[in-house]
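This report refers to the structure that appears directly beneath it.
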Amino acid sequence: MPAVTADDRHAARVRLALLGLAALLVVAFLLSVGIGAVRIAPLEVLSILAERLGLGPLVAHEPMEAAVVLSIRLPRACLAVLVGAALAVAGAAMQGLFRNPLADPGLIGISTGAALSAALVIVLGGALPLALTGLLRDALLPLAAFVGGLAVTWLVYRIASRDGRTEVATMLLAGIAINAVAGAGIGLLIFASDDQALRDLNFWLLGSLGGVTWDRLLIAAPFMLAPALAALWLARPLNALLFGETEALHLGFEVERVKRLVVVLSALAVGASVALTGVIGFVGLVVPHLVRLTLGPDHRALLPAALMLGATLLLLADLLARNLVLPAELPIGILTSCVGGPFFLWLLLRRRGLGLW
Amino acid sequence: MLLEARALRFARRDRSILDGVSLAVEAGELLVVIGPNGAGKSTLLHLLSGALAPADGEVAFDGQPLGTWPRAALARRRAVLPQSSELSFPFRAVEVVLMGRSAHAGTSSQAHDREVVRQALEAVDAQHLAERVYPTLSGGERQRVQLARVLAQIWPHGGEARLLLLDEPTNNLDLSHQHQLLRFARRLADREVGVLAVLHDPNLAALYADRLAVLAEGHILSEGPVAEVLTEETVGRAFGLDVAVRPHPLSGTPQLFTI
């Protein structure tokens, strides 16, 4: 029975790819924690982690190295993992919802919408008499970014969908419009802000994983991790949605509920990411594509693979951002856009060649 | 009665599209709805499938209003074949057919699902397409894969009556594929599946249907056995066309000839 053996081969390949991606993620994580202005060998990194977990040191390492790893590199690497995973899964889920592989949270304005409302909190929060400080601001930021992201996701979906169909051109044009309006809003805030707020705002536009602390990370982590993991459960209905909303309905799925879930989960994940790191473009676009090229469009493989590959790629991108122009640091958003922009163009040309549009 | 629609009314922007439409389909019969463009055929199918809700009237499946059916339970006994699928992601044909088993998750084993998929592909003579990538298939091949999908969806289990709705399934198909598809619908009806199809072509409908319903300007103009419905007067009124009706030289079924 040829069909079944081919299925088995396919399933085996998916398992192997997922295992490979998990291994890659671990390697990237150890490299990311070890490489920087102070170089620490992977074995020493493991040793520091083991000691911190109470297992005792594996090899000799200096207290300074432990301090660098535990209070600087480790929270930053964890942030890269969370943001990369959240952006990639949100991108994959949104591409399923829109039935279009170009639906990236940054491209259709969700990241900028989230950044705008986060920027509002920074600038206005600083100007208010009861100035928002410390943990309150840290908690309010992801919330504001989430609301901004949710509003834009909902808006784009309503604009682009009619009679259960999503028009690609409308979706991308809506994204352009929203990016422009939100960009203008951020520009206005830059114009109106003092030096400190200006530095903060610049950070939203270019994206950076720098300056994260355990406190801020722990507040935002559930907002990124929970929706990214929850989205994995939507694999089957997302597969069905690729056939069209009416089809998915007739296949027996509660389509409206699934759509609402995808919108809310994506907005949460993207909003929380943007709140901590600013706008990091193209991760949500490029990662699902790389996975589809090798594993096919099935969300049961696509979502977990995108989660791991997104985390890995952002770890590596941050590694480059930190080390390319030592002692300075490149904003990571510049790096991802440098790679993502040309990739996007290549994608457009390739699709035109296939005549799929 | 497997599917029963009573006094359906539907309007869009104050323009009435359907008014007072009643229909019924029993298990084991093939009912074909014909009518000119803009008569409301597609809207009627959307109402019958529950994708749209009527402004007035009610649709019941197996005696129970559509709205009260849990989606998955309904999907296990009723499938809808769309005009064409907009799927542009590179799923393999076998994965498309397996999608038809979605509503059976939890009530059917993976091995059983695979076996059903294999038999469904075999039933529509499409085993050789199993590993092909769906967007690269021709129109006729895609329609066959979709047919295997709906077949896998309502694959018999426990002897409950099943229903298949076909929305202009012969669009984009050449002559031989059109007949192939309707022969298949006929075979399903002979195996106790209730089948309702919306078609453009009265002659094609007459060859395979048990009953015809003529829809014109949002009303059922005539409904009943083929020979009673397919008359020069009814078709002339529905389509605004002068026709002669003559028996088919081999089967004796009434066929239309334009004058």
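Every read-out reported here was derived from the displayed coordinates using simple, explicitly stated rules and does not represent laboratory data. Note that the structure is predicted; figures quoted are calculated from it, not measured. FYI the Cβ positions are ideal-geometry reconstructions off the backbone, even for glycines, and counts take in every protein chain you see.
How much of the DSSP bridge set in the protein assembly as shown is antiparallel, in percent, rounded to the nearest 5? Around 60 percent of the beta bridges assigned by DSSP in the protein assembly as shown are antiparallel ones. Could you identify which residue out of A:G36, A:G56, A:G271 has the top mean-square fluctuation in a GNM of chain A using Cα springs shorter than 10 Å? Judging by the Gaussian network model, the answer is A:G56.
Taking every residue in A:288-297 and counting other chain Cβ atoms within 10 Å of its Cβ, the average works out to 2.
So, with +1 on the Cβ of K and R and -1 on the Cβ of D and E, and no other charges, what is the size of the charge dipole of segment B:152-259 about its Cα centre, to the nearest 20 debye? That gives a dipole near 360 debye. Simple rule: put +1 on each Lys or Arg Cβ and -1 on each Asp or Glu Cβ in the protein assembly as shown, find the dipole, and look at A:A180, B:Y134, A:S47; the Cα lying farthest toward the positive end is A:S47. Across peptide A:231-241, the mean count of Cβ atoms from other chains lying within 10 Å of each residue's own Cβ comes to 1. Screening chain B for DSSP H helices whose Cα atoms reach 15 Å or more along their own axis and whose mean Kyte hydropathy is at least -1.0 gives B:110-123, B:139-153, B:175-190. Projecting the Cα positions of B:V198, B:L47, A:A192 onto the charge dipole of the protein assembly as shown (unit charges on Cβ atoms of Lys, Arg, Asp and Glu, taken about the Cα centre) puts A:A192 furthest along the positive direction. For chain A, the relative contact order works out to 29 percent when only alpha carbon pairs closer than 8 Å and six or more residues apart are counted.
About its Cα centre, chain B has a charge dipole of approximately 660 debye under the convention of +1 per Lys or Arg Cβ and -1 per Asp or Glu Cβ, with nothing else charged. Computed over chain A with a Gaussian network model linking Cα atoms closer than 10 Å, the most mobile of A:L25, A:L229, A:L58 is A:L58. Selection among A:L326, B:G35, A:L201 by position relative to the dipole of the protein assembly as shown gives A:L326 as farthest towards the positive end (Cβ unit charges, Cα centre).
When the square roots of the Cα gyration tensor eigenvalues are ordered a ≥ b ≥ c, the ratio a/c for chain A is 1.5 or more and a/b does not exceed b/c, which makes its shape oblate. Evaluated with a Cβ-only charge set (Lys, Arg +1; Asp, Glu -1), chain A carries a dipole of roughly 740 debye about its Cα centre, given to the nearest 20. Across peptide B:79-86, the mean count of Cβ atoms from other chains lying within 10 Å of each residue's own Cβ comes to 4.
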